[in-house]
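Inspection log for the structure reproduced underneath, given as structure tokens.
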Amino acid sequence: QVQLVESWGGLVQAGGSLRLSCAASARTFSDYAMGWFRQPPGKEREFVSAISFNGGMTDYADSVKGRFTISRDNAKSTVYLEMNSLKPEDAAVYYCAARAALAPSRRRDGYDYWGQGTQVTVSS
């Protein structure tokens with residue numbers, strides 16, 4: 001069983017930055033690829049970014065490519081999402097997810113564990 005806890009969501013002005021963190025309780029964090037998803041109000045949960053077990057492979061949704069950066073620190077069992085140039089349409093609940101595989105995935109059903117989410121609000 002893996003527990004995931006997201007942190008550092010909040011309110012930011014358009015054009016601003018936030019860095020989300022997700023701490024994992026996994027015995028061997030490096031056994032898991034990790035992903036970030038988001039769910040805007042009234043919409044489906046969507047893929048944002050994902051990273052392989054060792055950070056060697058990353059993937060981004062087109063809507064965030066060039067603005068968001070995913071990274072991980074296996075020694076700290078933590079994955080990060082650096083979000084720059086935030087837009088009002090980035091506002092959502094952001095979820096961290098863990099996948100018992102080495103490669104990342106864009107599919108929601110490809111992940112085995114989910115965090116509780118953290119709210120990101122972007123004011124225009």
Report summary line: Being farther than 21 Å from Q116 by Cβ and either more than 14 Å from the chain's Cα centre (by Cα) or open to solvent by less than 40 Å² (accessible area, probe 1.4 Å) (or both) narrows K87, K65, K76, K43 down to just K87
Query raised in the report: What are the residues in region 1-40 that are surrounded by fewer than 16 Cβ atoms within 10 Å (Cβ to Cβ), within 17 Å of Q116 (Cα to Cα) and either in contact with a Pro (Cβ under 6 Å, 6 or more places away or on another chain) or among the small types (G, A, S) (or both), if any?
Result: S7, G10, S25
**Report entry** region 104-124: number of residues that are surrounded by 14 or more Cβ atoms within 10 Å (Cβ to Cβ) and assigned to a loop (DSSP other than H, G, I, E, B)
**Finding:** 6
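The values are calculated or read from the model by the stated rules, or taken from the named source; none is laboratory data. Keep in mind that this is a model prediction, so the values were computed, not measured. Glycine gets a Cβ as well: all are built from the backbone with ideal geometry, and neighbour counts include every protein chain shown. The area values use the complete protein model at the heavy-atom level, side chains included, leaving out ligands, DNA and RNA. Shrake-Rupley method; radii C 1.70, N 1.55, O 1.52, S 1.80 Å.
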